[in-house]
Amino acid sequence: MPDPTPSPVRPDQVTLRLLAPADAPALLALELRNRAQLLRGAPQREQEWFTEAGQHAAIAHAVAERETGRSLPMAIWLEDGGTEQLVGRLTLAGITRGAFESASLGYWVDHPLTGRGIATHAVRAAIAVAFGGLGLHRLQAEVQVGNDASVRVLERCGFVEYGLAPDYLRLGGDWADCRLFQLIDARWEPRPATL
């Protein structure tokens, strides 16, 4: 009988890459495979979203946001058994400079692959980017009440819960209460930021 416990992945198996137009077919397959989970925990999407053209449009929008410096859209890649596959998305959104020097972190991983540490390794890599090259002081993350797996990822990565926001995000077509988390870079110093 096979072991029902998924095997954990090593940090070197998980890579973050900037989202690119060539990712559209793999991203579409991922979106379709995870549609049931995403319908509950993501913004409501039009049917066009679930087409390759829709994914190309979404990637083009994400790339445009990156070019303005407001967002850093990334794909999560997993190398396993000599093959590499796109297994999720991670975005540093709402990048704000000046007195704030902060961004909001959002991520998701292919549902059949959860529980292997992929999200934890991806979030740790994103923290290194945010507090490294981007020079941010703070990351925040909002987690829908009841999404305990995402809470565990954030806590493993050092995030601290600082509040509850009722009716904070419109997810799955309804307003959702969200737990609020943050991570502060205690070593932050003013410096020029690069993407």
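Each value in this text was obtained by applying a stated rule to the coordinates, not by laboratory testing. Only a predicted model underlies this, so the values are computations on that prediction, with no experimental measurement involved. Because the Cβ atoms are built from the backbone with ideal geometry, glycine has one as well, and the counts that use them run over all protein chains shown.
Some observations on this one:
- Note, ³J(HN,Hα) from phi for segment 52-68, Karplus 6.51, -1.76, 1.60, rounded to Hz, x at Gly and Pro: 5, 4, x, 5, 4, 5, 5, 5, 4, 5, 4, 5, 4, 5, 5, 5, 7
- Springs join every pair of Cα atoms under 10 Å in this Gaussian network model of the chain, and among Ala75, Ala99, Ala58 the largest mean-square fluctuation is at Ala99.
- Prolate/oblate/rounded call for segment 151-195, Cα gyration tensor, a/c under 1.5 rounded: prolate
- Total charge dipole magnitude, the chain, about the Cα centre, Cβ charges on Lys, Arg, Asp, Glu only, Debye to nearest 20: 320
- Modelled label reach - Arg152, point 7 Å along Cα→Cβ, segment 105-126 residues with backbone N closer than 15 Å: 109, 111-121
- Loop-resident chymotrypsin sites (Phe, Trp or Tyr not before Pro) (DSSP state other than H, G, I, E or B) in segment 79-138 with no more than 15 further Cβ atoms inside 10 Å of their Cβ: Phe100.
- For the chain, the relative contact order comes to 21 percent (Cα pairs under 8 Å, sequence separation of at least 6).
- Anisotropy class of segment 101-144 from Cα gyration tensor, a/c 1.5 cut: oblate
- The chain shape via C-alpha gyration tensor axes, a/c threshold 1.5: rounded
- Vicinal HN-Hα couplings computed from phi for segment 168-183 (Karplus, 6.51 cos²θ - 1.76 cosθ + 1.60; Hz; Gly/Pro x): 7, 10, 8, 10, x, x, 10, 6, 10, 6, 10, 7, 10, 10, 8, 9
- For segment 79-180, the convex hull spanned by the alpha carbon atoms encloses 120 Å³ per residue.
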